[in-house]
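A.B. asks: Provided herewith is a single structure, encoded as structure tokens, for subsequent inquiry.
The values are calculated or read from the model by the stated rules, or taken from the named source; none is laboratory data. The shown structure was predicted, so the numbers you read here are calculated from the model rather than taken from an experiment. In this analysis, Cβ positions are derived from the backbone assuming ideal geometry, glycine residues included, and neighbour counts consider all displayed protein chains.
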Amino acid sequence: MLRTSLLISSSIVRRLAVANTATNVQTSSTLKSEKRPQIKVALCLQRYIHLSPEMTQLEKDYTNLITQLETEHSYLSDHELRHKSELELAKQRQSSATSTAAAVNIVETAVDLEDRLAKEFESFQFMPRETEDDKTNNLHSQNRKLDQNLLLVVQRKNSESGKDEWIFPEKIYDGEPSLRAAVDQIISTCGNLHVQISGNAPLAYYKNDSDSSSKKIFFYKGEYLAGVIKQFSTLKATPYKDHAWITHEDAPKYLSPSYYKAVKDMLFVF
Amino acid sequence: MNILSYSPSIFLLRNTFNRSFHISAINYALPTKAKKKADPMTDKIREDRKRRRYEKVIDKLEKFKLQLKPIHEYESERRILKELDVRKRSTVELTSEETTRRLMLNRDWAKHKHRQHQQEITLMSRAFKSQEDALEQLKLESEELYDKALQVDSKLIPFIRRGPLYSLPNSNYDAPDGDYFDTTNYFTKGFGVNFMDHMKTMERQKWTEIRAERRAKKEEKADDK
């Protein structure tokens with residue numbers, strides 16, 4: 001008995017020790033290969049929709065049809081029954097004023113109730129679907145176009161060609177244990193952000209064929225949850241000049257054609 | 001462990017001697033006292049009682065077997081079921097135009113949904129292909145980074161997404177205070193829910209019976225004396 005228990009505990013301990021060493025290896029290991037790959041990582045930050053988009057004409061028509069069919073196939077509700085009985089009472093009262101129906105005094109009829117509730121609904125004010133930033137067309141704010149997905153693009157200072165390009169925020173891979181770790185560092189360079197990155201695997205890659213010295217870029221996608229983005233125009237130490245939140249439709253206008261072609265498949269919206 | 005390898009009697013004797021403990025008589029495989037012979041009649045009565053008790057439980061189990069917990073959503077209200085004739089809606093005669101309009105709308109909607117579905121599938125497959133290509137390129141660059149990229153991201157597991165609303169929440173709106181009434185119907189009948197409770201009550205009943213039996217016996221004895 002004693003011996004078996006000892007055996008069990010020892011095996012558990014051994015297994016635990018093995019597991020611990022395994023995790024240690026995982027956490028402490030950094031890339032030790034002699035040749036560091038010359039690549040870049042980029043983060044495509046998306047702000048997902050806050051408001052549901054307006055229905056199209058077909059969708060409106062179909063919802064109307066569905067509700068109509070449902071009412072046709074349904075039984076009368078309590079409210080409709082009440083309305084019906086009240087109409088009958090009114091009829092009786094007209095025909096014979098002295099009957100028992102005249103004695104019943106209705107304070108609020110069903111129609112009155114409907115009117116009152118409709119009035120209450122009218123007085124309720126919905127918040128506008130458009131924000132201040134929509135009116136001023138403030139591209140720096142993520143608080144615009146709430147019914148569309150927005151992408152964060154930054155403008156890179158390019159001294160060589162003299163032309164400033166719009167790109168997704170990127171970083172040269174610098175021996176981090178994984179590409180994901182490198183992506184996590186991009187977030188802090190953009191500002192104090194709360195971001196959820198979707199997965200450890202890159203979703204797209206881009207290589208500028210015309211420029212042989214350019215590095216391969218691997219793209220990750222992230223969801224913007226909260227936070228403020230740095231004002232790049234006031235900072236000197238950043239490689240970027242400006243940033244903007246753009247819709248998916250505007251993306252080809254900002255990004256260069258070959259760049260957009262590489263990331264197009266990743267940026268799908270239904 | 002090795003203590004047990006000694007003969008128990010010897011061990012006991014020696015130890016008791018040394019520590020001056022008293023022990024009971026050692027039997028050495030002597031037959032123990034004969035068991036008191038029980039009355040066959042009382043035995044039979046006892047067995048009968050036992051059997052009856054189990055039969056009762058089985059009866060109850062069979063009786064309640066089919067009683068399942070009712071789901072209120074599946075059953076319509078009795079009050080409304082009685083008034084079904086009153087609540088009949090007068091049927092509307094559809095004009096031919098209306099029926100064709102409905103048919104066309106249904107057809108358009110089906111087409112629209114089909115197109116949407118196909119679009120979704122193509123976009124998804126494109127995205128998958130893009131990711132596969134990217135991973136292949138990464139494998140060319142570095143095997144280690146490729147292995148790291150294939151790891152499961154445990155941070156994603158409780159995935160929370162708040163759905164889109166129709167309008168923004170109004171910060172000025174003062175929501176009226178409501179009352180909370182618990183109108184849930186708790187199902188207390190049958191074995192479906194409280195089988196264990198039932199078994200406990202049965203056990204309690206059994207013990208009260210046994211106690212009553214004993215008390216009756218005692219009284220009998222007292223009377224005899």
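A.B. asks: Please state which of the following conditions A:TRP245 fails to meet, knowing it meets all the rest: (1) loosely packed, with under 15 Cβ neighbours inside 10 Å; (2) part of a strand (DSSP E or B).
C.D. replies: (1)
A.B. asks: Continuing with this model, one more query. Would region A:161-173 turn up any residue that is closer than 18 Å to A:CYS44 by Cα and either at the interface with chain B (Cβ under 10 Å from one of its Cβ atoms) or part of a helix (DSSP H, G or I) (or both)?
C.D. replies: Yes: one or more hits.
A.B. asks: Something else: Condition test on A:GLU108, is it over 30 Å from A:ASP211 (Cα atoms), modelled with pLDDT of 85 or more and either exposed (fewer than 14 other Cβ atoms within 10 Å of the Cβ) or among the aliphatic types (A, V, I, L, M) (or both)?
C.D. replies: no
A.B. asks: Give the number of residues within region B:91-106 that are within 11 Å of chain A (Cβ to nearest Cβ) and closer than 16 Å to A:TYR62 by Cβ. Walk me through it before giving the result.
C.D. replies: The first filter runs over region B:91-106 and keeps only residues within 11 Å of chain A (Cβ to nearest Cβ), leaving B:91-92, B:94, B:98, B:101-106.
Still in the running and closer than 16 Å to A:TYR62 by Cβ: B:98, B:101-106.
Residues in region B:91-106 being within 11 Å of chain A (Cβ to nearest Cβ) and closer than 16 Å to A:TYR62 by Cβ: 7 in total.
A.B. asks: Restricted to region A:196-214, and to residues that are of a type outside the set (Gly, Ala, Ser) and within 11 Å of chain B (Cβ to nearest Cβ), which residue is nearest to B:PHE128 (Cα to Cα)?
C.D. replies: The extreme case among them is A:LEU203.
A.B. asks: How many residues does region A:248-270 contain that are within 15 Å of A:ASN149 (Cβ to Cβ), part of a loop (DSSP other than H, G, I, E, B) and more than 14 Å from chain B (Cβ to nearest Cβ)?
C.D. replies: 2
A.B. asks: Among the residues of region B:27-80 satisfying the criterion of being aliphatic (A, V, I, L, M) and at pLDDT 75 or above, which is surrounded by the fewest Cβ atoms within 10 Å (Cβ to Cβ)?
C.D. replies: Here the residue is B:ALA29.
A.B. asks: Test B:VAL152 against the criterion of being over 30 Å from A:VAL183 (Cα atoms), of a type in the set (Val, Ile, Thr) and at the interface with another protein chain (Cβ under 9 Å from one of its Cβ atoms), and give yes or no.
C.D. replies: For B:VAL152, the condition - over 30 Å from A:VAL183 (Cα atoms), of a type in the set (Val, Ile, Thr) and at the interface with another protein chain (Cβ under 9 Å from one of its Cβ atoms) - is not met.
A.B. asks: Return yes or no: is B:ASP174 among the acidic types (Asp, Glu), at negative phi and surrounded by fewer than 12 Cβ atoms within 10 Å (Cβ to Cβ)?
C.D. replies: Judged against the criteria, B:ASP174 is a match.
For every residue, the table says whether it meets (1) among the β-branched types (Val, Ile, Thr); (2) not assigned by TED's automatic domain parsing to the domain that holds A:PRO202.
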position	(1), (2)
A:LEU45	no, no
A:LEU58	no, yes
A:THR63	yes, yes
A:THR71	yes, yes
A:TYR75	no, yes
A:HIS79	no, yes
A:ARG82	no, yes
A:SER85	no, yes
A:LYS91	no, yes
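A.B. asks: Any idea which of B:ARG107, B:ARG51, B:ARG87 is in contact with a Phe, Trp or Tyr (Cβ under 7 Å, 6 or more places away or on another chain) and over 21 Å from B:ASP197 (Cα atoms)? Even if it seems obvious, please write down each step before you answer.
C.D. replies: Details: B:ARG107 fails: in contact with a Phe, Trp or Tyr (Cβ under 7 Å, 6 or more places away or on another chain); B:ARG51 fails: in contact with a Phe, Trp or Tyr (Cβ under 7 Å, 6 or more places away or on another chain).
The match here is B:ARG87.
A.B. asks: Please pick out the residue among B:LYS129, B:LYS200 that is in a helix (DSSP H, G or I), within 12 Å of chain A (Cβ to nearest Cβ) and either free of Cβ contacts under 8 Å to residues at least 40 places away in the same chain or not small (Gly, Ala, Ser) (or both).
C.D. replies: On the way: B:LYS200 fails: within 12 Å of chain A (Cβ to nearest Cβ).
On inspection, the qualifying residue turns out to be B:LYS129.
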